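Shown next, in structure tokens, is the structure this report addresses.
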Amino acid sequence: MTGDGTRAVRAGLPEPRANEPALPGPAFAAHYHLPGEVAGPYTYGREGNPTWTALERAISELEYPAGVPAAQTITFPSGMAAISAVLLSQLRPGDTAVLPADGYQLLPALRERLEGFGVTVRTAPTGDDAQLGALDGARLLWIETPSNPGLDVCDIRRLADAAHDRGALVAVDNTLATPLAQRPLELGADFSVASGTKALTGHGDVLLGYVTTLAPELAAAVRAWRKTTGAIPGPMEAWLAHRSLATLQLRVDRQAATALALARALHDRREVTSVRHPGLPDDPAHAVALRQMHGGRFGCVVSFVLPDRPHAERFLAALRLVDEATSFGGVRSTAERRGRWGGDAVPDGFIRFSVGVEDTDDLVDDVLTALNLAQTNGV
Ligand SMILES: Cc1ncc(COP(=O)(O)O)c(C=O)c1O
């Protein structure tokens, strides 16, 4: 098998053909020529598009390099559309789902909707594989590892085996790790699901989501869901996403290395507490992360806590190389006081920091300078 960078550069590309581009441009089509009988592969724009096909092949190659059995990917216009497609296509009234208690902040809204449809929802934290205790009678287990924004990690293989023993399906939100760091299908999950809005596309200019699975019947159900709800990605977004994959390894490697350097620097500051990053050797998530995340890629996010909200706001305002913005995984570093959204159980001074691809020393200097200013300006 080729290396990750080589696979990322070539993922999903067609066979080279004289006088054709390496990556064909986006196909803008609401309908296709369709004389006579209805026959595939492309009939109507809501059902299929060659630009999606190429991107979906690329993501399948990254999520499941073994290629046998063949993985199928279905792309969506956002991560939430992909998550909803799995949960709402698989769960029926009377079913039970187990969600993480500390997952992405829109999961509670999805929980309410599922409960409105007669699905029972249980939650348990990501850390210490606590979802194990909630699996009896479940039809579907939803895992998010590393979790956003707390950066806890759970053992996908262990949870997937336990869920399968009880007849439950397993879906893993692979957003933070990316398929270059973590491959849930190899660890036994039935679905790998992600927001491609983050590190996968990495430029902060595209929203995208995807679902990858090895089971043809699960792929068919998710594809049918997309067709029925019309939750389809635009060809331009799909093409931009595919183009971005060529630099995926460069970006995630640089981001992971800088994130670790930043986490170490934060560790040494007296006013900073609860620094979390799965790559830190003394982080509670490190041992499991080391086992199931590849290549020292522990993600681009570092979280930490400043003494209070004003201190955190002074810090954010003093940063020069870091945009105050939400989301993560982009080439430009961003940071925010996560509590401002109200959806996560975090202290007022909690900062979620997303490391970009700036030079490591520049970024660490900027953060340390901002920390100094935040302290001085506060007295
Ligand atoms: C872990 C995780 N999953 C899913 C999503 C939702 O993705 P999107 O914003 O593309 O809908 C996010 C967004 O931040 C996320 O962090």
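The values are calculated or read from the model by the stated rules, or taken from the named source; none is laboratory data. Not measured: the values here are computed from a predicted model. Cβ: placed from backbone, ideal geometry, glycine included. Neighbour counts: every protein chain shown. Ligands, DNA and RNA are excluded from the accessible area calculation, which covers all protein heavy atoms including side chains. Shrake-Rupley method; radii C 1.70, N 1.55, O 1.52, S 1.80 Å.
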In the list Ala370, Ala318, Ala325, Ala312, which residue meets the criterion of being over 18 Å from the mean Cα position of the chain (by Cα) and either open to solvent by 10 Å² or more (accessible area, probe 1.4 Å) or at positive phi (or both)? Ala318
Has segment 344-354 got at least one residue that is buried (at least 23 other Cβ atoms within 10 Å of the Cβ), among the basic types (Lys, Arg) and within 26 Å of Gly378 (Cα to Cα)? yes
Just a yes or no: is a residue in segment 328-339 on the phi > 0 side of the Ramachandran plot and part of a loop (DSSP other than H, G, I, E, B)? yes
In segment 180-201, how many residues are within 13 Å of the ligand (Cβ to nearest atom) and within 22 Å of Arg254 (Cα to Cα)? 9
Filter result (exposed (fewer than 14 other Cβ atoms within 10 Å of the Cβ) and in contact with a helix residue (DSSP H, G or I) (Cβ under 6 Å, 6 or more places away or on another chain)) within segment 5-44: Phe28
Going through Val121, Val153 one at a time, which residue ends up being assigned to a strand (DSSP E or B) and not assigned by TED's automatic domain parsing to the domain that holds Val301? Val121
In segment 64-85, how many residues are within 16 Å of the ligand (Cβ to nearest atom) and surrounded by 19 or more Cβ atoms within 10 Å (Cβ to Cβ)? 12
Which numbered condition Ala171 misses (of (1) within 13 Å of the ligand (Cβ to nearest atom); (2) open to solvent by 20 Å² or more (accessible area, probe 1.4 Å); (3) of a type outside the set (Val, Ile, Thr); (4) closer than 23 Å to His294 by Cα): (2)
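Residues checked against (1) assigned to a strand (DSSP E or B); (2) open to solvent by 70 Å² or more (accessible area, probe 1.4 Å); (3) modelled with pLDDT under 95:
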| residue | (1), (2), (3) |
| --- | --- |
| Gly103 | no, no, no |
| Pro108 | no, yes, no |
| Glu115 | no, yes, no |
| Asp128 | no, yes, no |
| Gln131 | no, no, no |
| Asp136 | no, yes, no |
| Trp142 | yes, no, no |
| Pro146 | no, no, no |
| Arg157 | no, yes, no |
Considering only residues that are surrounded by fewer than 23 Cβ atoms within 10 Å (Cβ to Cβ) and within 26 Å of Thr2 (Cα to Cα), which ones fall in segment 240-268? Leu240, Arg243, Ser244, Ala246, Thr247, Gln249, Leu250, Asp253, Arg254, Ala257
